[in-house]
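First comes the structure, then the notes that go with it.
The values are calculated or read from the model by the stated rules, or taken from the named source; none is laboratory data. Treat the numbers as computed from the prediction; the structure is a model and nothing was measured. All Cβ positions, glycine included, derive from the backbone under ideal geometry; neighbour counts span all protein chains shown. When the accessible area is computed, the model is the full protein with side chains, heavy atoms only, and any ligands, DNA or RNA have been set aside. Shrake-Rupley method; radii C 1.70, N 1.55, O 1.52, S 1.80 Å.
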Amino acid sequence: MLGYRMIMTDTNAISIRNLSKIYQGGKLALDDVSFDVPQGSIFGLLGPNGAGKSTLINILSGLVMKSSGSASIWGFDIDKDVRNAKAHIGIVPQEIMFDPFFTPLEALELQAGLYGVPKSKRRSMELLRAMRLEDKADAYSRTLSGGMKRRLLIAKAMVHSPPVIVLDEPTAGVDIELRQQLWDYVTRLNNNGTTVVLTTHYLEEAEQLCDEIAIINHGKLIAKPTKELVGMAREKAVLLTLDKPLTAPPRHAAFEKAELIADQVVEITYNKDRMNAGEVLAAVQGMGLGIVDVTTKEADLEDVFLSLTSGDAE
Ligand code: ADP
Ligand code: MG
């Protein structure tokens with residue numbers, strides 16, 4: 001695994017104060033957002049599409065100009081100490097973009113040059129290996145698959161060994177296998193001391209991966225829920241009355257939990273990121289059980305969570 005410098009100081013990895021962004025045309029994309037990302041954490045910025053996540057990340061990377069407020073990275077103000085702020089962060093953008101005519105190795109060397117990393121300190125091949133791209137080192141970037149391109153972007157963000165890495169929706173639209181690989185990689189990075197910030201609209205991703213979660217919607221930071229709360233919010237339950245009594249609840253790999261409430265009544269909890277009520281019913285019927293009645297049940301907390309994330313908060 002890669003060796004990272006891990007300099008712990010008493011500052012936060014990222015500190016954001018009263019950050020606002022109004023785009024040309026008047027769209028208020030960020031509205032007075034303040035929060036801190038502690039050093040060493042995996043921090044999840046969770047919110048639906050259009051919430052303002054990329055706007056915030058792009059302000060940190062200098063792609064978007066903020067309208068007001070301030071931000072610092074590893075204690076360095078992004079306006080007053082641009083060089084140091086940039087040196088301490090690596091950002092993987094949501095959109096895949098790079099020059100199709102460079103090879104992955106060339107792209108990393110070029111990026112290292114941009115960051116002023118001396119030749120002796122470059123570790124392009126090491127990064128390609130970590131991203132399982134070593135056999136693609138000399139291929140044209142345009143010939144890489146979508147997943148490979150995303151991994152190359154991650155490698156690019158790390159050429160200067162930043163103590164903070166930010167991934168903007170790293171798993172949106174990627175298949176389950178790559179998603180798992182990215183999760184593993186993020187966990188390993190973090191175990192080696194890198195602070196990780198990721199944005200996501202998947203409750204599951206935030207819950208499984210992050211130590212701290214902030215929910216953003218309509219440009220406002222609206223909650224910093226615990227993992228437990230997020231976990232509850234992504235579960236849903238159905239109560240099924242069956243056509244015959246059972247002695248044990250029906251089992252299925254996709255159910256989170258199945259409980260016998262009465263002889264003929266079973267409560268099945270499932271992850272709504274993964275399946276819907278129709279699929280639960282089909283699974284039960286597939287076991288040869290007839291369903292006489294169905295009631296859906298929502299955790300009370302789910303209502304709270306949903307009202308936090310998709311309510312008409314203005
Ligand atoms: P997210 O990343 O959470 O999906 P974004 O930060 O991309 O959200 O967008 C936040 C809001 O700002 C959205 O309503 C989006 O349409 C708007 N927006 C994003 N970029 C621009 C832009 N360049 N000009 C005007 N509006 C924008
Ligand atoms: Mg986005």
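Restricting region 207-218 to residues that are closer than 30 Å to residue 185 by Cβ and outside any helix (DSSP H, G or I) leaves a set whose member that is farthest from the chain's Cα centre (by Cα) is 217. Put simply, of 194, 200 the only residue that is within 16 Å of ligand 1 (Cβ to nearest atom), in the same structural domain as residue 69 (by TED's automatic domain parsing), open to solvent by less than 10 Å² (accessible area, probe 1.4 Å) and among the polar types (S, T, N, Q) is 200. Spot the failing condition for residue 64; the list is (1) open to solvent by 30 Å² or more (accessible area, probe 1.4 Å); (2) not in a strand (DSSP E or B), and only one is missed. Here residue 64 clears every test but (1). Being among the aliphatic types (A, V, I, L, M) and away from ligand 2 (no atom under 16 Å from the Cβ) is a property that holds for residue 154.
Checked against (1) away from ligand 1 (no atom under 13 Å from the Cβ); (2) open to solvent by less than 50 Å² (accessible area, probe 1.4 Å), residue 54 passes all but a single condition, namely (1). Across region 180-204, which residue is farthest from ligand 2 (Cβ to nearest atom) among those that are assigned to a loop (DSSP other than H, G, I, E, B) and closer than 22 Å to residue 233 by Cα? Only one residue tops the list, namely 202. If the requirement is being touching a helix residue (DSSP H, G or I) at 6+ places or on another chain (Cβ under 7 Å) and acidic (Asp, Glu), which of these qualifies: 168, 243, 211, 175? 168 is the lone residue from the list that is touching a helix residue (DSSP H, G or I) at 6+ places or on another chain (Cβ under 7 Å) and acidic (Asp, Glu). Residue count for region 28-40 under the criterion of being open to solvent by less than 10 Å² (accessible area, probe 1.4 Å) and out of contact with any Lys or Arg (no Cβ under 6 Å at 6 or more places or on another chain): the result is 2.
Considering region 203-240, and only residues there that are charged (D, E, K, R) and at pLDDT 90 or above, the residue that is surrounded by the fewest Cβ atoms within 10 Å (Cβ to Cβ) turns out to be 211. All told, residue 61 falls short of being touching an Asp or Glu at 6+ places or on another chain (Cβ under 6 Å), within 16 Å of ligand 2 (Cβ to nearest atom), of a type in the set (Ser, Thr, Tyr) and assigned by TED's automatic domain parsing to the domain that holds residue 116.
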